[in-house]
There are 2 protein chains.
Amino acid sequence: MRATVLVRPKPGILDPQGQAVESSLRHLGFAVSDARIGRLVELELETDDSAEARAQIERMCEQLLANPLIESYEIELRTDT
Amino acid sequence: MRATVLVRPKPGILDPQGQAVESSLRHLGFAVSDARIGRLVELELETDDSAEARAQIERMCEQLLANPLIESYEIELRTDT
């Protein structure tokens, strides 16, 4: 089963990378009022059970993929097997 | 208008960060057969026109947000204004 995990800085958390991108985009002439940078993790899991996959990914996020103090995550499962 | 840009390494392009994550997840005991890492860019644009927003973001991706040689990008617009 394939899964996509979107990891974003939580609202209110400083995002220096986003600020740099916003500033660069404005220097290039784009009318952008905010930019936030997160990560996209695409996983191929060996399980085919959605509930099991979601539970595993939540543990992966807590342990490795995200920093739960400052980042939120969103899990999208795709059953295209 | 808010937009989300998903930037992924193209298929076949080496992704050392993804390999490191895959290896770490396996060491933690997760049954993962592939992991790829990309970026998530969330933008607040000043335009409210979808076609104009999409055209602007395509130029941003070509110039700054992605490396078109090795990365593909996907644009999602949200008209929640």
Next on the checklist: Between 0 and 90 degrees, rounded to the nearest ten: what's the tilt of helix B:16-27 against the longest Cα principal axis of chain B?
Outcome noted: 50 degrees
Checklist entry - Can you tell which of A:Ser24, A:Thr47, A:Ile37 lies farthest toward the positive end of the dipole of segment A:14-59, using +1 and -1 charges on the Cβ of basic and acidic side chains (Lys, Arg; Asp, Glu)? => result A:Ser24
Checklist entry - Helix B:50-60 versus the longest principal axis of chain B: what is the Cα-based angle in degrees, 0 to 90, to the nearest 10? => result 50 degrees
Checklist entry - At 222 nm, what helix-only mean residue ellipticity would the protein assembly as shown give, in deg cm²/dmol to the nearest 500, using -39500 (n - 2.57) for each DSSP H run of four or more? => result -8500 deg cm²/dmol
Checklist entry - Say a label goes 7 Å from Cα toward Cβ at A:Glu62 in every copy; what distances in nm does this one have to the rest, shortest first? => result 4.6
Checklist outcome for this item: A correct Karplus calculation of ³J(HN,Hα) over segment B:28-34, with 6.51 cos²θ - 1.76 cosθ + 1.60, θ = phi - 60°, whole Hz and x for Gly and Pro, returns 7, x, 8, 8, 10, 9, 7
Checklist entry - Distances from A:Ser50 to the same residue in each other copy, label points 7 Å out along Cα→Cβ, in nm, shortest first? => result 2.6
Checklist entry - So how strong a dipole does the protein assembly as shown carry about its Cα centre when Lys and Arg Cβ are +1 and Asp and Glu Cβ are -1, to the nearest 20 debye? => result 400 debye
Checklist outcome for this item: Sorting from shortest, the nanometre distances separating the label point of B:Ala20 (7 Å past Cα along the line to Cβ) from those of the same residue in the other copies are 1.6
Checklist outcome for this item: For peptide B:28-39, the mean count of other chain Cβ atoms within 10 Å per residue Cβ is 6
Item to check | Length gained when the stretch A:Arg54-A:Ala20 is fully extended (0.36 nm per residue, less Cα-Cα span) | outcome: 8.9 nm
Next on the checklist: Need the C-alpha centroid separation for segment A:1-73 versus segment B:1-74, integer Å.
Outcome noted: 10 Å
Checklist outcome for this item: Partner shielding of B:42-48, taken as the mean number of other chain Cβ atoms within 10 Å, equals 6
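Every read-out reported here was derived from the displayed coordinates using simple, explicitly stated rules and does not represent laboratory data. No experiment lies behind these values; they were computed from the predicted model shown. FYI the Cβ positions are ideal-geometry reconstructions off the backbone, even for glycines, and counts take in every protein chain you see.
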